[in-house]
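Comments concern the structure below.
The values are calculated or read from the model by the stated rules, or taken from the named source; none is laboratory data. A quick note: this is a predicted structure, and the numbers were derived from the prediction, not measured. When we count neighbours, we look across all protein chains shown, and the Cβ atoms used for this are built from the backbone with ideal geometry, even at glycine. Please note that ligands, DNA and RNA were not included when accessible areas were found on the heavy atoms of the full protein model with its side chains. Shrake-Rupley method; radii C 1.70, N 1.55, O 1.52, S 1.80 Å.
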Protein chains: 2
Amino acid sequence: MGLCRYRAGMKHALSVTRDADFSAWYQSVIAEGDLAEESGVRGCMVIRPWGYGIWERIQRLLDDRIKATGHENCYFPLFIPLSYFEKEAEHVDGFAKEMAVVTHHRLIADGKGGLVPDPEAKLEEPLVVRPTSETVIGTAFARWVQSWRDLPVLINQWANVVRWEMRTRMFLRTAEFLWQEGHTAHATVDEARAETLQMLEVYRSFAEDCLAMHVIAGEKPENERFPGAVETYSIEGMMQDGKALQAGTSHFLGDNFAKAQNIRFQNAEGGLDFAQTTSWGVSTRMIGAMIMVHGDDDGMRVPPKVAPWQVVIVPMLRDQPEDEALLAYCRDLQKELVGQSALGEPIRAMVDARAQKAATKRWGWVKKGAPVVIEVGGRDMAGGNVSVIRRDRLYREDGKLDSVVQPRGDFVSGVEALLADIQGELHRESTERLKAQIVPVDDWAGVEAHFAEGQKNPGWVDVRWAKPTGEELEQVVEKLKGLKLTIRNAPMGQTGCDDGPCIFTGREAVERVLIGRAY
Amino acid sequence: MGLCRYRAGMKHALSVTRDADFSAWYQSVIAEGDLAEESGVRGCMVIRPWGYGIWERIQRLLDDRIKATGHENCYFPLFIPLSYFEKEAEHVDGFAKEMAVVTHHRLIADGKGGLVPDPEAKLEEPLVVRPTSETVIGTAFARWVQSWRDLPVLINQWANVVRWEMRTRMFLRTAEFLWQEGHTAHATVDEARAETLQMLEVYRSFAEDCLAMHVIAGEKPENERFPGAVETYSIEGMMQDGKALQAGTSHFLGDNFAKAQNIRFQNAEGGLDFAQTTSWGVSTRMIGAMIMVHGDDDGMRVPPKVAPWQVVIVPMLRDQPEDEALLAYCRDLQKELVGQSALGEPIRAMVDARAQKAATKRWGWVKKGAPVVIEVGGRDMAGGNVSVIRRDRLYREDGKLDSVVQPRGDFVSGVEALLADIQGELHRESTERLKAQIVPVDDWAGVEAHFAEGQKNPGWVDVRWAKPTGEELEQVVEKLKGLKLTIRNAPMGQTGCDDGPCIFTGREAVERVLIGRAY
């Protein structure tokens, strides 16, 4: 049973390391781990079974939390008439430059063996493929809401959306992506803002508990708000290259969309008020974030809670009559495992009985990031043992693969704790990394020094600021742009900031914000 | 506690009966049961929480069966380049007339306060919004399949698709709809055909077991095949107005798509073969079918297995201090119920604590079709009782609402059997109706007589035929068209047909086919 590395002379399963080229490494994790691939359609990817399986786990777990907070799922149209957009000026400005537009509803032969849109079938009003659904859902809310008794309306949908991005990167920025978008309407500003913060907290705790990804929840600066929002909040994750990735947003929209879509209700006193609305979403981008948080030079490491298979059992088949007994032993083990629970759900265990070399299968699952890989050879079976590889700690100190032979019964009785431990370890690593990579800085010179050229992995800085707005903020943004920096967010839970002035304006600081490079 | 009917003078909760106007009744079930509504976007509907909740149940249960038969979920692009379609001539002919075409990727101001597609942002190659994904998935299969070892490829996706229908009807025919589409590739014709029939059987048993809908599985005649298919199979349901509804299809595609998309593999002997492919799908149409199979003049009746809530508990709140104790009693009951299982899953029970009149809530749930509605008033609580309404048998023989006062403990211990009984009764009704509405007919004159004008609910006829093809079949189709009839399918499991000649050609019959009017 070969414990040697994947290929002779290679230290790790991937041909490129994070250190050598983080961006190439990212693509390589996706390709080698069979997560997704280019589709041949501009900007659109194919999400392969392992990648989609992770998305299904995200959907299942997040959907439970969205429902537990009182929201119901609906489905709204993919197409949005142009006129719906025109009503909210800021919103349309934010999206007009990247919208896919449907103009025809039929094709005809072009006379040269090909097809063209039929000029006779031109739509009177072009339809936009939804980049987000505030306008079309707001139109429905306007029908549903007449009285304060109809409020709140708490809706979510799981859907595909399209934003015509010029430079795309799998999972992070694709023309089409999958997401959930929550939309709610409330009678008062306080309720709507409480909803916005509640969903921010749902996202934060989901990222921590399920994705094992430490994130910072906070408010975005004015210039980073969702088009049409009054306040935008985000969760920001720390990637291993020190860049930030916005992994979810929650928006308080005030009455901007209610005015544009005419969502009005009779209040308890008989007067007519506009509703206060919110929206919030996370997308397949989360998978990109997880890759850059948990992946290593051997590929992806999927946290057990969102792993499609938590335990993969690989029988060392040899195309011999003994194979049958080996397979039976493995299936028996699988049956034992799926009858048990770990992390609050039945264990997801499978037997990889494909006719491939055991080493190829092992390294395939390592690259995919299955949390636990069990190998069973004839000797293991004879001794009632299994060989256990945990993906989060692949190597021993001497650099050899850490495959531990264990009595099968011990493995089974310890698997619940093992999976919980892997989940916890990934979270601990992510938390430590984030904390280590945020540095408090006291002035602009400090920021410049921190992000000076040649600093490979500078992480973020944590600075005081006076929360400037308008033109003053624009100047700050320009200044940061020179260093390729953006303000990520102002972390929640701050109780003032009195240890010095704003590093940009010199005025009294009101809070601290995080600044870094970002995806 | 009013047991009187919904509104004075009305016999039923809906204002239109099936008998009076089946089509208006259908719309009314959807509207009054809050299943869906027009969206304002041409041909697209909004699926509301109760309707979407049914779809989520369908997804969950069917997805389990699709995975249990070895398929994995993926996600493929929404957009398909025109050139992908041009490769399969029959396929493009079948869909070109109803495709939404994206031609631009940006909007600009039109100078009159509105927006128009930016002429500078015209796509070089128009993109079609997928009407079905054989072409784009086939292109991926061509990348994935090199050797016989890579086969079979067994893939499914849950997605939205768009077909530009001119006359739309909610759930049955909408421009955008939701579905699952399975796509597989195999080394041999036998394997691919076996897969096609396996998935037909998955659909059939799912419709029977989960939707409580008796259906006939069989092969479609040549003229009803999916564009590009070698064989098409369907399940056909019997609606209460005697019309057929095709509720799912499974296609054996031969090597037609493999040739168009170049899905080739090296066989075990070293030669190069084209793969044999299949595709199969069911959609939100199933919800339309369930409405027309199970609905009655009081609205929808949802089979317990797919009901978002199986037991709805309605406290008879009176805006009095006693309300609190009543609510506690109801929540306690809910807790007891959700801790139990029925039909193989934890029971889905909720308390409807909204500030509305109890009668309004009761009839709201009746119209939605919740299988069991429990009402609890002060007197019920004092006696340790509940009042139970089962949706499948709403009225007593004397025409009064059948609300049965029962000791709470009896209800709880009997609820598992009750839900199973309701599921079974709906299925029994559907089976009996289908069987009663199919009549064997021996010749064309018999068909004409059966479908003569004025026959309100003729159902289907079951006739012998010689399975004509080509021009001969076209003549049959034309003849049937005169009576607004179509051949639904030739039921599976036939072992020949030797009791007389084909009713169309007079030649020796080879099988029996079902003929009827259809949605």
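Take each residue in B:122-133, count the other chain C-beta atoms within 10 Å of its C-beta, and the mean is 3. Bridges between two residues of the protein assembly as shown, per DSSP, are antiparallel at a rate of about 85%. Dipole orientation for the stretch A:234-360: of the candidates A:Trp280, A:Met238, A:Ile263, A:Ile263 has the Cα lying most toward the positive pole (charges on Cβ; Lys, Arg +1; Asp, Glu -1). Between this copy and the others, label points of A:Gly114 are 3.0 nm apart in ascending order, each placed 7 angstrom from Cα in the Cβ direction. Magnitude of the charge dipole for chain B, about its Cα centre and with charges confined to Cβ atoms of Lys, Arg (+1) and Asp, Glu (-1), is about 1520 debye.
Rounded to the nearest 10 degrees, the inclination of helix A:408-436 to the longest alpha-carbon principal axis of chain A is 40 degrees.
Could you please report the charge total around A:Glu88, scoring K, R as +1 and D, E as -1 over all other residues with beta-carbon less than 15 angstrom from its beta-carbon? Please report the intermediate quantities before stating the final value.
Numbers: positive: A:Lys87, A:Arg130, A:Arg225, A:Lys259; negative: A:Glu86, A:Glu90, A:Asp93, A:Glu134, A:Asp255.
Net local charge, A:Glu88 excluded: -1.
3J(HN,Hα) along the stretch A:61-70, derived from phi through the Karplus expression 6.51 cos²θ - 1.76 cosθ + 1.60 where θ = phi - 60°, amounts to 6, 6, 4, 4, 6, 5, 5, 5, 9, x Hz, with x in place of Gly and Pro. Amide H contacts of A:Val215 (H built 1.01 Å from N, in plane; Pro and chain starts excluded): no residue 5 or more places away or on another chain comes under 5 Å.
Computed from Cα atoms, the angle from the helix B:189-209 axis to the main principal axis of chain B rounds to 20 degrees.
With 0.36 nm allotted per residue and the present C-alpha distance subtracted, the B:Asp21-B:Ala194 stretch has 58.0 nm of extension available.
Principal-axis analysis of the Cα atoms of chain B puts helix B:22-32 at an angle of about 60° to the longest axis. The alpha carbon gyration tensor of the protein assembly as shown gives principal lengths a ≥ b ≥ c with a/c below 1.5, which makes the shape rounded. With 21 Å as the limit, the listed pairs B:Lys243/B:Lys479; A:Lys305/B:Lys67; A:Lys97/A:Lys479; B:Lys305/B:Lys456 have A:Lys97/A:Lys479; B:Lys305/B:Lys456 beyond it between alpha carbons.
Taken per residue, the accessible surface of the stretch A:311-427 reaches 45 Å², heavy atoms only and a 1.4 Å probe. Segment A:Asp443..A:Asn262, full-extension length gain: 60.5 nm, with 0.36 nm per residue of separation and the alpha-carbon distance subtracted. Charge tally for B:Leu127 (other residues, Cβ to Cβ under 13 Å; Lys, Arg +1; Asp, Glu -1): 0. Legend: mean number of C-beta atoms from other chains within 10 angstrom of residue C-beta atoms, peptide B:156-165, equals 3.
When A:Lys484 is represented by a point 7 angstrom out along its Cα-to-C-beta vector, the spacings to that point in the other copies are 6.8 nm, nearest first.
Counting other Cβ atoms within 10 Å, which chymotrypsin sites (Phe, Trp or Tyr not before Pro) in the stretch B:206-281 have at most 11 and lie in a DSSP loop? Within the stretch B:206-281, no chymotrypsin sites (Phe, Trp or Tyr not before Pro) qualify (loop, at most 11 other Cβ atoms within 10 Å). Summing Lys and Arg as +1 and Asp and Glu as -1 over all other residues whose Cβ lies under 12 Å from the Cβ of B:Thr486 gives a net charge of +4. Remark: mean inter-chain Cβ contacts per residue of B:76-88 equal 5, using a 10 Å Cβ-Cβ cutoff to other protein chain atoms. Taking trypsin sites (Lys or Arg not before Pro) in DSSP loop states with no more than 15 other Cβ atoms inside 10 Å as exposed sites, chain B has its longest site-free stretch at B:168-317.
Remark: accessible area buried at the B-A interface is about 5200 Å², both chains counted, probe radius 1.4 Å. Here A:Arg167 yields copy-to-copy label distances, from shortest upward, of 5.3 nm, the label point defined as 7 Å from Cα along Cα to C-beta. Apply the a/c threshold of 1.5 to the C-alpha gyration tensor of the stretch B:101-234 and tell me whether it is rounded, prolate or oblate. Because a/c hits 1.5 or more and a/b fails to exceed b/c, the stretch B:101-234 counts as oblate.
Across chain A, where is the longest run that never hits GluC sites (Glu not before Pro) in a DSSP loop with at most 10 other C-beta atoms within 10 Å? Mind showing how you got there, number by number?
On the way: sites that count: A:Glu269, A:Glu397, A:Glu453.
Formally, the longest exposed-site-free interval is A:1-268.
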